[in-house]
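The values are calculated or read from the model by the stated rules, or taken from the named source; none is laboratory data. None of the values given here were measured: they were computed from a predicted structure. Every residue, glycine among them, receives a Cβ derived from its backbone with ideal geometry; neighbour counts consider all protein chains shown.
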Amino acid sequence: MRDGFGRTIDYLRLSVTDRCSLRCIYCMPEDGVRWLEHTEILRYEDILRLLRIFAALGVKKIKITGGEPLVRKGVAGLIGEIKAIAGIQQVTLTTNGVALKDQLPDLLKAGIDGVNLSLDTLDRARFAEITRRDALPQVLQGLEAAWSAPGLNLKINCVAQAGRASDWVALAGLAKDHNLAVRFIEPMPIGLGGDLETCTETDIRAALEAAYGALAPFNKTLGNGPAKYFSLPDFQGKIGFISAVSHQFCDQCNRVRLTATGYLKTCLQYDVGADLRPLLAGSDEALQAAIQAAIQNKPQAHRFSEKTVENREAHIMSQIGG
């Protein structure tokens with residue numbers, strides 16, 4: 001399936017809930033938000049129906065997101081059913097890790113291909129400051145369980161925050177003795193993320209190279225998205241950068257998002273797309289036509305550097321799906 005600019009769209013990020021067990025400062029207000037009622041989010045039956053249509057159109061890779069997807073009951077079972085859809089080649093999960101240790105056995109049994117664990121620091125006090133929850137021990141237990149699981153593709157995602165070089169260096173060190181990827185994500189001006197001080201790939205690389213030596217480009221594919229990967233001397237794992245602001249990669253974009261309420265988002269910055277939930281009462285043909293029309297009109301590029309942008313997304317990240 002191609003969009004109006006000839007890009008192949010084969011990757012869907014699927015949010016199954018807006019709820020989360022943490023309150024990260026760049027994602028959610030301290031007091032939280034009004035959670036969606038269960039009746040407002042897509043039923044698993046509806047999700048599977050939509051994914052069969054997406055798969056028929058050429059989507060091959062699914063990322064399960066939230067909020068925090070593991071707070072929704074039955075996610076492992078859903079993953080097992082998604083894996084059985086013809087054309088779906090890979091199903092992965094993004095999680096904050098709080099419930100990962102307990103749920104990992106069921107996820108592995110369901111056939112999960114990979115886990116992206118969101119973690120911005122290894123310092124317990126700093127973790128509580130960022131997430132407003134004292135949950136680092138549970139997250140580290142989940143991390144240890146994941147890197148001990150044979151064949152599981154494991155990545156750590158750090159939203160890099162200005163002035164926190166010690167956090168970056170400590171997290172990167174996890175890739176020294178473990179075959180995993182530690183990826184540093186530039187804060188994007190979406191929702192509360194717009195309040196963070198600017199921090200770029202250049203800043204992070206300088207700190208890592210001062211600690212570990214020169215980063216050597218690694219040109220093999222390690223994932224579904226736009227991350228650039230590097231090797232470090234004597235490291236088992238890899239270091240990655242997702243730098244949407246300073247190194248725009250929109251010309252290579254292969255993804256769309258489906259929110260927990262059934263809205264098809266074609267670009268993270270904009271509120272354009274298609275509301276698929278009302279169309280569930282109709283035919284698969286009508287749903288397919290709506291999906292194709294939305295993807296055909298997918299924006300060419302984000303404009304994060306501009307202060308005034310038409311159709312700017314107003315929702316926070318937990319409501320969009322990470």
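For the range 159-180, give me each residue that is modelled with pLDDT of 95 or more, within 19 Å of the chain's Cα centre (by Cα) and surrounded by fewer than 22 Cβ atoms within 10 Å (Cβ to Cβ).
Selection gives L180 alone.
Go through the range 208-236 and give me each residue that's under 20 Å from the mean Cα position of the chain (by Cα) and assigned to a loop (DSSP other than H, G, I, E, B).
T221, L222, G223, N224, G225, P226, A227
Only one of (1) outside any strand (DSSP E or B); (2) of a type outside the set (G, A, S); (3) at pLDDT 90 or above fails for I62. Which number is that?
Unmet for I62, out of (1) outside any strand (DSSP E or B); (2) of a type outside the set (G, A, S); (3) at pLDDT 90 or above: (1).
Enumerate the pairs (first residue in the range 125-142 and over 13 Å from D167 (Cβ atoms); second residue anywhere and at pLDDT below 95 and surrounded by fewer than 17 Cβ atoms within 10 Å (Cβ to Cβ)) with beta-carbon separation below 9 Å, excluding pairs fewer than 6 apart on the same chain, so at least 6 apart or on different chains.
Once the first residue is over 13 Å from D167 (Cβ atoms) and sits in the range 125-142, its partners that are at pLDDT below 95 and surrounded by fewer than 17 Cβ atoms within 10 Å (Cβ to Cβ) give R132/E30.
Do the conditions hold for G151, that is, is it surrounded by fewer than 19 Cβ atoms within 10 Å (Cβ to Cβ) and modelled with pLDDT under 95?
Values: surrounded by fewer than 19 Cβ atoms within 10 Å (Cβ to Cβ): yes; modelled with pLDDT under 95: yes.
Criteria met by G151.
Restricting the search to the range 11-39, which residues are surrounded by fewer than 19 Cβ atoms within 10 Å (Cβ to Cβ) and outside any loop (DSSP other than H, G, I, E, B)?
Those that are surrounded by fewer than 19 Cβ atoms within 10 Å (Cβ to Cβ) and outside any loop (DSSP other than H, G, I, E, B): H38, T39.
For (1) within 17 Å of L70 (Cβ to Cβ); (2) in a helix (DSSP H, G or I), each residue gets a yes or a no:
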{"position": "T92", "(1), (2)": "yes, no"}
{"position": "L108", "(1), (2)": "yes, yes"}
{"position": "L122", "(1), (2)": "no, no"}
{"position": "F127", "(1), (2)": "no, yes"}
{"position": "L143", "(1), (2)": "yes, yes"}
{"position": "A146", "(1), (2)": "yes, yes"}
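If I filter the range 73-121 down to residues being charged (D, E, K, R) and either more than 19 Å from the chain's Cα centre (by Cα) or under 21 Å from D134 (Cα atoms) (or both), which single residue comes out as surrounded by the fewest Cβ atoms within 10 Å (Cβ to Cβ)? Break it down stepwise before answering.
Of the residues in the range 73-121, the ones charged (D, E, K, R) are 73, 81, 83, 101-102, 106, 109, 113, 120.
If we keep only those that are either more than 19 Å from the chain's Cα centre (by Cα) or under 21 Å from D134 (Cα atoms) (or both) too, we end up with 73, 81, 101-102, 106, 109, 120.
Values: K73: 10, E81: 16, K101: 17, D102: 13, D106: 15, K109: 12, D120: 25.
Checking each candidate, the answer is K73.
List pairs: first residue in the range 71-91 and charged (D, E, K, R), second residue part of a loop (DSSP other than H, G, I, E, B) anywhere in the structure, Cβ distance under 8 angstrom, at least six positions apart or on different chains.
Once the first residue is charged (D, E, K, R) and sits in the range 71-91, its partners that are part of a loop (DSSP other than H, G, I, E, B) give R72/V16; R72/T17; R72/R19; R72/G66; K83/G111.
Considering only the range 40-48, I want to know if a residue exists there that is among the aromatic types (F, W, Y), closer than 22 Å to T261 by Cβ and surrounded by fewer than 20 Cβ atoms within 10 Å (Cβ to Cβ).
Of all residues in the range 40-48, those among the aromatic types (F, W, Y) come to 44.
Those left that are additionally closer than 22 Å to T261 by Cβ: 44.
Checking the rest, the ones that are also surrounded by fewer than 20 Cβ atoms within 10 Å (Cβ to Cβ) come to 44.
Within the range 40-48 (the criterion being among the aromatic types (F, W, Y), closer than 22 Å to T261 by Cβ and surrounded by fewer than 20 Cβ atoms within 10 Å (Cβ to Cβ)), the answer is yes, since at least one residue qualifies.
Looking at the structure I just gave you, is G4 in contact (Cβ under 8 Å) with a residue 60 or more places away in the chain and under 24 Å from A293 (Cα atoms)?
yes
What's the total number of residues in the range 148-163 that are touching a Lys or Arg at 6+ places or on another chain (Cβ under 8 Å) and either among the charged types (D, E, K, R) or within 21 Å of L107 (Cβ to Cβ) (or both)? Give the steps one after another, and end with the answer.
Our first condition is that a residue be touching a Lys or Arg at 6+ places or on another chain (Cβ under 8 Å); within the range 148-163, this holds for 155-158.
Restricting the remaining residues to those that are either among the charged types (D, E, K, R) or within 21 Å of L107 (Cβ to Cβ) (or both) gives 155-157.
Looking only at that region, the number is 3.
Considering only the range 40-57, state which residues are over 30 Å from A128 (Cβ atoms), assigned to a loop (DSSP other than H, G, I, E, B) and not charged (D, E, K, R). Reasoning before the result, please.
Here is the first cut: in the range 40-57, the residues over 30 Å from A128 (Cβ atoms) are 40, 42-57.
Restricting the remaining residues to those that are assigned to a loop (DSSP other than H, G, I, E, B) gives 42-43, 57.
If the condition is that a residue be over 30 Å from A128 (Cβ atoms), assigned to a loop (DSSP other than H, G, I, E, B) and not charged (D, E, K, R), then L42, L57 are the ones that fit.
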